[in-house]
């Protein structure tokens, strides 16, 4: 998978925190949260990010695959030492645009999966491939105005197997920032747990064109 398929969005990370302290037991979680970030919104704020922006023309990109608890919250940084061996790093470089980001996702979220780094990166790749991006979001060249209901409807149309309440939409500064999909530990769509909710206003939001 192309190297730029992951976006580390500070806003998305901030919304993901539920006040859960660092720590947790590897493999002790209930489901995964697959987060797809809208790259054009990120690039409006971070135009100098050469790996993510500057003419790449990305639409949705993979932000992360995060272990979650049904009751709300999530484990994080489940290992004090989380170095990556050569094989894991080689796979990670095909998913993440920078070694720093690759290490961040493994340290913060991957160490809580109970998987090796190689298995975790491959799982993230499979999770991304399992969700079909609706045609209107495949790197559009003009801005769009849609509300959260319309965005979710487009994803359900492209993914008819999604159960109710298995997706949420995130917005920031009146723009689309991310779509999240809840998956079982075997990467099948499922209903989201507590605390995973939309963060968009009821009015239409801007979906910036790909850059």
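Relative contact order for the stretch 149-211: what percent, with Cα pairs under 8 Å and sequence separation of 6 or more?
Over the stretch 149-211, the number comes to 32 percent.
Give the distance, in whole Å, between the Cα centre of the stretch 60-104 and the Cα centre of the stretch 110-160.
About 17 Å separates the Cα centre of the stretch 60-104 from the one of the stretch 110-160.
Go from 0 up to the bin containing the longest alpha carbon distance in the chain, width 5 Å each, and give me the % of pairs per bin.
1, 8, 16, 20, 21, 17, 11, 4, 1, 0
Sort 37, 123 so that the residue with the fewest other Cβ atoms within 10 Å of its own Cβ comes first and the one with the most comes last.
123, 37
Return 121, 69, 29 ranked ascending by Cβ neighbour count within 10 Å, so the fewest neighbours appear first.
Listed from fewest to most nearby Cβ atoms, that is 69, 29, 121.
Given an 8 Å cut-off on Cα distances and at least 6 residues of separation, report the relative contact order of the chain as a percent.
28 percent
Using only helices, what value at 222 nm comes out for the chain when you add -39,500 (n - 2.57) per DSSP H run of length 4 or more and divide by the total residues, to the nearest 500 deg cm²/dmol?
-7500 deg cm²/dmol
Each value in this text was obtained by applying a stated rule to the coordinates, not by laboratory testing. Not measured: the values here are computed from a predicted model. Note: ideal-geometry Cβ built from the backbone for every residue, glycine included; neighbour counts use all protein chains shown.
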